[in-house]
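Participant: Would you mind keeping the following structure in view while I ask a few things?
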């Protein structure tokens with residue numbers, strides 16, 4: 001699990017979020033409320049629906065914010081969740097990452113594909129050809 005987590009607020013303008021994604025180098029980030037509770041997920045691809053290229057510049061559709069582009073259904077896990085179950089959910093739902101929340105749905109970390117690879121590379125040997 002990685003911590004701290006880069007997040008985006010739901011009121012951020014689309015073009016600002018697009019620049020933030022480029023700066024951070026992520027494909028997907030959680031959207032959080034002011035109470036640090038996860039309320040959605042936003043991907044770089046979600047943002048592209050609201051960005052236009054006009055007069056040589058990127059512009060977002062007027063009045064559109066992160067809340068308009070985010071996915072409201074979020075698959076999360078608890079800190080005690082088995083890494084293999086998280087990996088299975090990522091594979092089944094084509095996720096880049098899974099937010100980790102506590103009992104109050106407060107964001108405490110995130111598990112990415114690189115976290116999964118790091119975990120299995122440090123685990124006891126795996127037999128892939130049995």
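Participant: Could you say whether any residue in region 55-67 is under 16 Å from residue 105 (Cα atoms), more than 12 Å from the chain's Cα centre (by Cα), at pLDDT below 95 and surrounded by 12 or more Cβ atoms within 10 Å (Cβ to Cβ)? Steps first, please.
Facilitator: Applying the first criterion (under 16 Å from residue 105 (Cα atoms)) to region 55-67 yields none.
Checking region 55-67: not a single residue is under 16 Å from residue 105 (Cα atoms), more than 12 Å from the chain's Cα centre (by Cα), at pLDDT below 95 and surrounded by 12 or more Cβ atoms within 10 Å (Cβ to Cβ).
Participant: Next question. When you scan region 33-42, do you find a residue that is touching a residue at least 12 places away in the same chain (Cβ under 8 Å) and in contact with a helix residue (DSSP H, G or I) (Cβ under 7 Å, 6 or more places away or on another chain), even just one?
Facilitator: Looking through region 33-42, at least one residue is touching a residue at least 12 places away in the same chain (Cβ under 8 Å) and in contact with a helix residue (DSSP H, G or I) (Cβ under 7 Å, 6 or more places away or on another chain).
Participant: Only one residue in 23, 28 is out of contact with any helix residue (DSSP H, G or I) (no Cβ under 7 Å at 6 or more places or on another chain) and within 22 Å of residue 119 (Cβ to Cβ). Which one?
Facilitator: The match here is 28.
Participant: What is the number of the single condition among (1) touching a helix residue (DSSP H, G or I) at 6+ places or on another chain (Cβ under 6 Å); (2) within 23 Å of residue 86 (Cβ to Cβ); (3) assigned to a helix (DSSP H, G or I) that residue 6 does not meet?
Facilitator: Residue 6 satisfies every listed condition except (3).
Participant: So, one more: Go over the candidates 20, 78, 93 one by one and state the one that is farther than 29 Å from residue 122 by Cα and without any contact (Cβ under 8 Å) to a residue 60 or more places away in the chain. I'd like the intermediate steps shown before the answer.
Facilitator: Values: 78 fails: farther than 29 Å from residue 122 by Cα; 93 fails: farther than 29 Å from residue 122 by Cα.
Of the residues listed, the single one that is farther than 29 Å from residue 122 by Cα and without any contact (Cβ under 8 Å) to a residue 60 or more places away in the chain is 20.
Participant: Which ones in region 33-51 are surrounded by 14 or more Cβ atoms within 10 Å (Cβ to Cβ) and either over 18 Å from residue 102 (Cα atoms) or at pLDDT 90 or above (or both)?
Facilitator: 38, 39, 40, 41, 42, 43, 44, 46, 47, 50, 51
The values are calculated or read from the model by the stated rules, or taken from the named source; none is laboratory data. Since this is a predicted model, take the numbers as computed values, not measurements. Ideal geometry is used to build each Cβ from the backbone, glycine not excepted, and the neighbour counts take in all protein chains shown.
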